1. Scanning segment 299-334 for residues that are assigned to a loop (DSSP other than H, G, I, E, B) and hydroxyl-bearing (Ser, Thr, Tyr), which turns out farthest from ASP232 (Cα to Cα)?
2. Within segment 185-193, can one find any residue that is surrounded by fewer than 20 Cβ atoms within 10 Å (Cβ to Cβ), of a type in the set (Ser, Thr, Tyr), farther than 26 Å from GLN307 by Cα and touching a residue at least 60 places away in the same chain (Cβ under 8 Å)?
3. Touching a Phe, Trp or Tyr at 6+ places or on another chain (Cβ under 8 Å), surrounded by fewer than 22 Cβ atoms within 10 Å (Cβ to Cβ) and of a type in the set (D, E, K, R): which single residue out of ARG154, ARG222, ARG161, ARG217 fits that description?
4. Of everything in segment 93-142 that's of a type in the set (Phe, Trp, Tyr) and surrounded by 20 or more Cβ atoms within 10 Å (Cβ to Cβ), which residue is farthest from GLY255 (Cα to Cα)?
5. When you scan segment 15-33, do you find a residue that is modelled with pLDDT of 85 or more, in a helix (DSSP H, G or I) and within 30 Å of ARG144 (Cα to Cα), even just one?
6. Tell me the residue from SER113, SER135 that is farther than 21 Å from ARG313 by Cβ and not aromatic (Phe, Trp, Tyr), please.
7. Within segment 195-206, is even one residue assigned by TED's automatic domain parsing to the domain that holds LYS125 and crowded, with 22+ Cβ neighbours inside 10 Å?
8. Say whether the condition of being small (Gly, Ala, Ser) and over 17 Å from the mean Cα position of the chain (by Cα) is met by at least one residue in segment 122-134.
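The values are calculated or read from the model by the stated rules, or taken from the named source; none is laboratory data. Predicted model only: the values in this text are computed from it and were never measured. Because the Cβ atoms are built from the backbone with ideal geometry, glycine has one as well, and the counts that use them run over all protein chains shown.
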Amino acid sequence: MRVNSIFLGLPEELLVEVLGRLSARDLASALSSCRGLGALREQAWRAACFGRWPEWSAIAAEPAAQWRRQYELLSLREAESGCLPTVATVRKVQRNVTERHRSILTEWLCEVSFDWELDSTIVFKAVAYLDHYLSEHAVEQLSRFQLLGLACLRAAMGDARKPTALDDQDKKLDPQNFAYISDDTYTVEEVEAQTQVIVGLVPERLKKAPNTKMFLRSFWYRATLKEVVLADEMHIYTLASFLLQLGLLDLDCSGYAPSLMAAAALSVSLGVFGKPEWPLSLQQFGSYLETDLVPVKARLTEMQASQAAEQLRPLWRGMHEQHSYPEYEAEWKHAVLIFSCASRLARMPPPEARPAAAAAPSRDPSTGSASVAIGSDSPLPPQPVDATAMLID
């Protein structure tokens with residue numbers, strides 16, 4: 001994009017207004033190619049933000065705001081709004097699949113993701129694909145529902161492939177692995193065919209959309225940067241991650257924007273450990289007011305109090321009974337207690353009110369993999385767990 005001398009001769013206020021009306025691509029090109037515009041960089045990106053998202057930008061405004069970064073984040077928020085399933089439509093379309101069935105399948109996908117040591121964002125992408133399918137197509141045979149879940153996970157893994165590790169990822173994508181994890185309930189050919197259905201159905205905007213875990217990482221980075229938390233206070237991040245994965249089991253949670261879910265989970269976790277629940281620096285970065293988070297925080301709190309998650313909770317408990325932060329021993333034990341069973345999200349008691357240290361609850365060993373009993377209300381069979389797998393990044 002060429003910038004001529006006549007344009008540069010305009011008054012500064014008019015220059016900023018014109019620049020703020022450009023697309024992100026043209027604005028970045030103009031600022032990088034013309035030395036004379038360098039001094040207007042932050043003003044131009046600020047004008048672009050306010051021109052496109054005036055309400056969000058008003059929340060984000062602060063003297064030290066990095067408006068280019070803010071523009072990128074608000075663009076992601078705009079993109080995610082077009083990718084949400086309509087919960088009411090899912091309930092209307094599905095006659096055979098209940099919310100209980102969906103919860104069972106989603107919990108099992110979390111187990112498989114853990115067992116296979118997948119990046120923790122992939123299961124969120126897979127569940128988004130699943131809900132997109134459920135909002136458009138009725139599942140006629142309940143016996144095929146697990147196959148649908150496997151195909152969504154495989155498609156999500158394929159979309160998340162990284163060029164630096166293609167060989168290893170291609171081995172994991174082998175359809176034989178997915179047939180095996182179902183106890184050979186489905187053939188390799190059925191896995192491949194169903195995967196291609198999902199790949200063809202999921203729109204590009206959903207494939208590229210950021211998911212909840214990605215937003216949590218971004219909020220956490222901001223929280224450490226602004227000293228809302230210390231980088232070593234990973235018990236806060238881990239509890240927020242757990243709440244988000246617990247939220248995957250709930251259809252209503254899928255109707256909330258991923259950025260809103262991430263903000264609410266982090267806010268809940270900050271409160272549990274005695275921190276300000278949503279300080280100004282996070283409001284400005286996420287462009288969410290504390291009042292925006294209230295209904296989602298209530299839903300996550302309800303999930304923790306009511307969701308047994310009999311397969312998911314032992315995985316989190318077993319993974320985090322041992323940690324590398326002895327200075328936060330009491331905080332980690334509190335987190336592990338929350339992971340262990342459905343309970344009220346109690347705040348961490350102050351140091352003077354804490355009882356003597358007690359051993360963290362033990363974990364039952366896992367057994368072999370098996371097919372999911374989707375057609376029943378019985379809990380999922382436990383899956384094999386590798387002790388080196390990590391649920392946080």
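1. Restricting attention to segment 299-334, the residues satisfying the condition of being assigned to a loop (DSSP other than H, G, I, E, B) are 307-311, 321-325.
The next check asks that each one be hydroxyl-bearing (Ser, Thr, Tyr); those that pass are 324-325.
On the way: SER324: 9, TYR325: 7 Å.
That would be SER324.
2. Looking through segment 185-193, at least one residue is surrounded by fewer than 20 Cβ atoms within 10 Å (Cβ to Cβ), of a type in the set (Ser, Thr, Tyr), farther than 26 Å from GLN307 by Cα and touching a residue at least 60 places away in the same chain (Cβ under 8 Å).
3. ARG222
4. Once the filter is applied, the top-ranked residue is PHE114.
5. No, segment 15-33 contains no residue that is modelled with pLDDT of 85 or more, in a helix (DSSP H, G or I) and within 30 Å of ARG144 (Cα to Cα).
6. SER135
7. Yes, because at least one residue in segment 195-206 is assigned by TED's automatic domain parsing to the domain that holds LYS125 and crowded, with 22+ Cβ neighbours inside 10 Å.
8. No: segment 122-134 contains no residue that is small (Gly, Ala, Ser) and over 17 Å from the mean Cα position of the chain (by Cα).
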